[in-house]
Amino acid sequence: MPAPKRRRSRRRALVGGVLATFAALGLLWGGREAWRHETERPIRDLGAPPATLEIPPGASADWIARQLYALGFVHHPFVFRVLVHTRGAGASLRAGEYALDSSLSLAQVVDKLVRGDVVRHEITFPEGKNLAEAAEIAAARKVDAAAFLAAARDPAAIRGLDPKAPDLEGYLFPDTYDIPQSGDTGAILVSRMVGRFRSVIEPELPRIRASRMTVREVVTLASLVELETARVDERPRIAAVFLNRLARGMLLQTDPTIIYALKRKGTWNGNIRLVDLGLDSPFNTYRVAGLPPGPIASPGKDALRAVLEPAPGKDLYFVSRNDGTHQFSETLAEHNRAVDLYQKRRGSRRES
């Protein structure tokens, strides 16, 4: 009576394994030089371009051996299996995408797989980007922008810190991230960005409570600071101006809020016109007192720290010097002189 197919398959696999083992032992018995040639010297054509090896999760050493054989990194798949076995590395080979240069020996390939020296597909989100801009950056790196935005519009991930958040504006922390290689990459990336924000903000919760501001207010103010200056040394002073104005009940009158409101309306063309200062929007700090209703961008760590550690002083105004720095003033008279010096004579407008 013939053996069942499964039993015959197992028997063939066993025989194949035995033969491979005997072949490997024969190679070993054939001399150390032969083994070194197979494992410690490159055997691929050095003129060949780098090869890509993609190892899926759960791939066996046998599977990897066959791929390396097809790519030309080993003369016989069993050599890879024996090398991995003798090193005790069978359970240490990591999944991922690998770029394998033709100058690599088999032993170096194994080292690379054990280290998990995978190709990193990274994406960088600079400080001061809003959700729509972040989605554009994601799309440029082949991440589904629609999925990214859909995830960013769900505030559930930040609800414990900001119960009033309608979305994740301000809470996608600017940093460099690995792009997920599988699954819902947009949602995964958003989740990582929120997780990074939490790791930054949660140690600051005692200071936020001491400031008598909510997390939402701190992040909102930090987003204004982020967009007003790129200079780290000026941010505590910019934050102090805003806090001083809030304490006095003065309008913040900060241009980034006008720009954000125009972008939301779809009418931003790169210039603020005088008529725009009267724009009917809760984000228009030239008309509406206090902070805007929420963040207008994602602030970085320095801007958040500036809000919690504002510079001492009574400054209520600042104006650009047109060189990346600002002139600060305590009185309106001082400010008007600075505006005349740095702005009116240059035919441009930039003040707070």
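Every read-out reported here was derived from the displayed coordinates using simple, explicitly stated rules and does not represent laboratory data. Note that the structure is predicted; figures quoted are calculated from it, not measured. Using ideal geometry, Cβ is built from the backbone for each residue, glycine included, and neighbour counts are taken over all protein chains shown.
Here are some notes:
- In degrees, nearest ten, helix 185-201 long axis to first principal axis of the chain (Cα): 60
- Here's the picture: charge each Lys and Arg Cβ at +1 and each Asp and Glu Cβ at -1 in segment 80-168, and of Gly88, Phe125, Phe148 the one pushed furthest to the positive end of that dipole is Gly88.
- Charge dipole of the chain about the Cα centre (unit charges at C-beta), most positive-ward option of Gly290, Thr254, Pro57: Pro57
- Along the chain, counting only GluC sites (Glu not before Pro) with a DSSP assignment other than H, G, I, E or B and at most 14 other Cβ atoms inside a 10 Å radius, the longest segment between sites is 41-329.
- Computed from the C-beta positions of Arg207 and Glu136, the FRET efficiency with R₀ = 35 Å rounds to 0.55.
- Beyond 26 Å in Cα-Cα separation lie the following of the pairs Lys164/Lys301; Lys142/Lys263; Lys263/Lys314: Lys263/Lys314.
- For q = 0.17, 0.19, 0.20 Å⁻¹, Debye-computed log10 I/I(0) when each Cα of segment 254-325 counts as one equal scatterer: -0.82, -0.99, -1.07
- Our note on the geometry: Cα centres of segment 275-307 and segment 156-230, 16 Å apart.
- Calculated FRET efficiency, Ala107 to Val232, Cβ-Cβ distance, R0 = 35 Å: about 0.15 to the nearest 0.05.
- Label zone at Leu71 (point 7 Å along Cα-to-Cβ), backbone N below 18 Å, segment 34-52: 38-52
- For the chain, the longest principal axis of the Cα atoms and the long axis of helix 5-29 meet at an angle of about 90 degrees.
- Rounded is the label for segment 212-346. Its Cα gyration tensor axes, ordered a ≥ b ≥ c, give a/c under 1.5.
- Whole-Å semi-axes of segment 238-282's equivalent ellipsoid (Cα gyration tensor): 23, 10, 9
- Fraction of the pair-distance distribution of segment 103-259 above 18 Å, Cα-Cα pairs, percent: 66
- In a simple Cβ point-charge model (Lys, Arg +1; Asp, Glu -1; nothing else charged), segment 212-346 has a dipole of about 200 debye relative to its Cα centre.
- Taking each DSSP H run with n ≥ 4 as -39500 (n - 2.57) and averaging over every residue of the chain yields -14500 deg cm²/dmol at 222 nm.
- Its residue count N sets the reference 2.2 N^0.38 Å, and the alpha-carbon radius of gyration of segment 122-202 equals 0.98 times that reference.
- Remark: the chain carries a charge dipole of roughly 1120 debye about the Cα centre, counting +1 on each Lys and Arg Cβ and -1 on each Asp and Glu Cβ.
- Summarised in one figure, the compactness ratio Rg/Rh of segment 177-262, Cα atoms and Kirkwood Rh, is 1.06.
- At the listed q of 0.12, 0.14, 0.21 Å⁻¹, the Debye profile of segment 37-119, built from one uniform point per Cα, gives log10 I(q)/I(0) equal to -0.28, -0.38, -0.92.
- Taking only the C-alpha atoms of segment 100-157, the Rg (one decimal) and the largest Cα-Cα distance, Dmax (whole number), read 17.9, 50 Å.
- Ratio Rg/Rh [Cα only; Rh per Kirkwood] for the chain: 1.21
- Taking the C-alpha atoms only, the angle from helix 215-228 to the longest principal axis of the chain is near 80 degrees.
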